[in-house]
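The values are calculated or read from the model by the stated rules, or taken from the named source; none is laboratory data. On a predicted model such as this, the values are computed, not experimentally measured, just so you know. We place every Cβ from the backbone using ideal geometry, glycine too, and count neighbours over all the protein chains shown.
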Amino acid sequence: MSSPAPLRPEGRTHWRRTLAVAVPALLAAGGLGSAMATGALAVGLRVQDRPVDFTTSSLYGTQYGAAVVDQEVVRPDGTAGSVRVLRMGFADGVLNGLCLSQRQQIAGATYTLLLTLGDDDPGSWEIRTQNTVLDLRNATGELDMDGIVDLNVNGADVRTVKDAAGAYVPNPLGAPQHRFGIQARYAKFDRITGTAQDFQIPGLLTTPRLKLSVRPGSVACPAPAAPTGTPGTP
Amino acid sequence: MRGRRKAVAVVAALLLAVATALVSGQPSSAAGRPPAAVTPLGVPFLPSPYPLEVSIDSLVAVSLTVEKDVTIRLSDGTPKNVTKYTFTKLKIRSHMNVTQRADGHTVVIDVPDEGSLGGYDSAGKPETTVMWGNISNVCVRVVFQICQVQGLLEFFGSFIPLTAGAEDFRGTIYAIRTTDDHAALNSTDNPVHLPGTITVTTP
């Protein structure tokens with residue numbers, strides 16, 4: 001009869017298992033590159049480098065502009081390149097919930113980093129933003145625009161934000177000359193599902209409920225609910 | 001214990017994200033460039049030199065007026081002789097596709113079913129949609145079917161009613177402007193209503 005294996009003390013830390021969970025989480029978070037900085041206003045959010053899937057019940061804003069720009073990317077083989085995207089900008093805006101989903105391959109396994117902001121109320125545009133910039137590869141939903149709406153504006157002539165003196169910042173979207181552009185006084189995009197190459201909300205004027213989680217496997221954001229009511233004043 | 005370790009991992013991820021934030025800069029989008037030196041002509045803005053190929057399978061509008069031989073200037077400074085088309089209360093009854101093929105990318109706006117490029121403003125006044133370019137085909141059935149703008153002009157004169165609808169709209173359009181003179185915050189009856197997909201592809 002062999003002697004039993006020595007008992008290990010209860011409550012010890014399983015570093016190997018901990019690392020198995022923590023390392024993918026850290027790598028995924030680093031890969032996502034989401035930035036949440038406590039600033040003078042509140043919180044900023046930035047997602048870049050790799051495509052991120054997103055959904056929102058509604059995005060509504062004033063002084064809307066869009067233009068086709070070149071966005072630098074890192075290809076799957078690690079080399080640098082660029083793709084063309086439709087860069088959308090809002091001077092002021094409100095969001096009715098936001099979910100970002102990005103998949104990462106780590107040590108042969110797929111992990112998804114899910115980031116959600118806002119509440120579950122389709123009647124509240126609870127996230128107020130300034131100078132929102134979104135680099136779209138594609139988006140599906142309801143695209144509404146109001147005021148004077150111009151299509152095929154020279155992208156470099158699009159205007160969104162103003163400087164401290166109240167003058168429009170020239171070419172705020174950084175578009176090369178002669179690219180496709182859109183300019184509208186108001187824009188409201190409902191039930192949007194899309195893929196963005198870059199997502200920037202440097203000024204979140206309200207601090208929404210934020211949840212970040214790392215899930216094993218490929219996990220998509222839930223389908224966006226139809227918004228109810230009107231968004232109010234951004 | 002397992003849940004606790006997961007919580008530690010998530011907190012660590014959050015901390016890393018915050019650290020990333022602290023070294024991240026402001027948006028890269030604010031790369032200032034001088035505006036184009038050329039000034040608009042014929043259109044209130046400078047259109048891109050790459051036109052939009054617009055197709056609408058079925059549409060309805062209150063009216064269409066046509067102004068020929070309008071000289072516009074594109075953003076590269078090139079003058080272009082085009083026709084100016086003014087629609088009032090332009091609605092898409094089925095499938096609109098707008099495609100721009102430029103050097104290095106293709107932009108597609110696709111609306112599979114109904115949509116709008118103009119409606120009534122909050123004062124009840126029909127909104128206008130102006131297109132600068134060339135409509136190569138639009139079919140209107142009166143006594144018989146007419147599919148050319150010139151034929152419609154000869155039949156109706158300069159004011160073409162489209163209240164009965166039109167089919168098979170095809171045009172090469174350099175610029176589109178839709179105007180709502182009474183736009184307001186909280187407006188839900190937006191003149192440009194495009195339920196569909198917008199895609200940018202790079203070859």
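Checked against (1) more than 16 Å from the chain's Cα centre (by Cα); (2) under 26 Å from B:K125 (Cβ atoms); (3) hydrophobic (A, V, I, L, M, F, W, C), B:L41 passes all but a single condition, namely (2). Determine, yes or no, whether A:G194 is at pLDDT 90 or above, within 30 Å of B:M131 (Cβ to Cβ) and within 9 Å of another protein chain (Cβ to nearest Cβ). Here the answer is yes, as A:G194 does meet what is asked.
For segment A:58-106, name all the residues that are among the small types (G, A, S) and either modelled with pLDDT of 90 or more or surrounded by 24 or more Cβ atoms within 10 Å (Cβ to Cβ) (or both).
At the first step, the residues of segment A:58-106 found to be among the small types (G, A, S) are A:58, A:61, A:65-67, A:78, A:80-82, A:89, A:91, A:93, A:97, A:101.
Within segment A:58-106, A:S58, A:G61, A:G65, A:A66, A:A67, A:G89, A:G93, A:G97, A:S101 meet the criteria.
Checked against the criteria, B:R73 counts as within 12 Å of chain A (Cβ to nearest Cβ) and under 19 Å from the mean Cα position of the chain (by Cα). When A:A175, A:A156, A:A109 are checked against the criterion of being in contact with a helix residue (DSSP H, G or I) (Cβ under 8 Å, 6 or more places away or on another chain) and crowded, with 18+ Cβ neighbours inside 10 Å, A:A175 stands alone in meeting it. Taken over segment A:132-146, the criterion of being at the interface with chain B (Cβ under 7 Å from one of its Cβ atoms) and either in contact with a helix residue (DSSP H, G or I) (Cβ under 8 Å, 6 or more places away or on another chain) or more than 29 Å from B:T172 (Cα to Cα) (or both) is satisfied by A:V133 alone. Just one of the listed residues (A:V153, A:V161, A:V149) is among the β-branched types (V, I, T) and more than 7 Å from every other protein chain (Cβ to nearest Cβ), namely A:V161.
I'd like the full set of residues that are of a type in the set (S, T, N, Q), assigned to a loop (DSSP other than H, G, I, E, B) and surrounded by 13 or more Cβ atoms within 10 Å (Cβ to Cβ), limited to segment B:126-173.
Initially, segment B:126-173 is screened for residues of a type in the set (S, T, N, Q), giving B:128-129, B:134, B:136-137, B:145, B:148, B:150, B:158, B:163, B:172.
Retained after the next criterion (residues that are assigned to a loop (DSSP other than H, G, I, E, B)): B:148, B:158, B:163.
Once the filter is applied, which keeps residues that are of a type in the set (S, T, N, Q), assigned to a loop (DSSP other than H, G, I, E, B) and surrounded by 13 or more Cβ atoms within 10 Å (Cβ to Cβ), segment B:126-173 yields only B:Q148.
Limited to segment B:46-55, what total is found for residues that are in contact with a Lys or Arg (Cβ under 8 Å, 6 or more places away or on another chain) and not charged (D, E, K, R)? Total meeting the criteria: 5. Taking segment A:124-207 as the region of interest, the strands (runs of 3 or more DSSP E) fully inside it that hold 1 or more residues being under 17 Å from A:S57 (Cα atoms) are A:127-146, A:181-204.
How many residues, within segment A:58-83, are of a type outside the set (D, E), farther than 30 Å from A:W125 by Cβ and either more than 11 Å from every other protein chain (Cβ to nearest Cβ) or within 18 Å of the chain's Cα centre (by Cα) (or both)? Let's see the steps before the verdict.
The first filter runs over segment A:58-83 and keeps only residues of a type outside the set (D, E), leaving A:58-69, A:71, A:73-76, A:78-83.
Filter once more, keeping what is farther than 30 Å from A:W125 by Cβ: A:73-76, A:78-83.
Now restrict to residues that are either more than 11 Å from every other protein chain (Cβ to nearest Cβ) or within 18 Å of the chain's Cα centre (by Cα) (or both): A:73-76, A:78-80, A:83.
Selection size over segment A:58-83: 8.
Inspect segment B:103-123 for any residue being among the aliphatic types (A, V, I, L, M), more than 10 Å from chain A (Cβ to nearest Cβ) and in contact with a helix residue (DSSP H, G or I) (Cβ under 8 Å, 6 or more places away or on another chain) and give the result as yes or no. No, the conditions are met nowhere in segment B:103-123. Evaluated against (1) within 13 Å of another protein chain (Cβ to nearest Cβ); (2) over 17 Å from A:Q197 (Cα atoms), A:N96 falls short on exactly one condition, (1). For segment A:66-96, filtered to residues that are in contact with a Leu (Cβ under 7 Å, 6 or more places away or on another chain) and of a type outside the set (A, V, I, L, M, F, W, C), the residue that is nearest to A:A220 (Cα to Cα) is A:R87.
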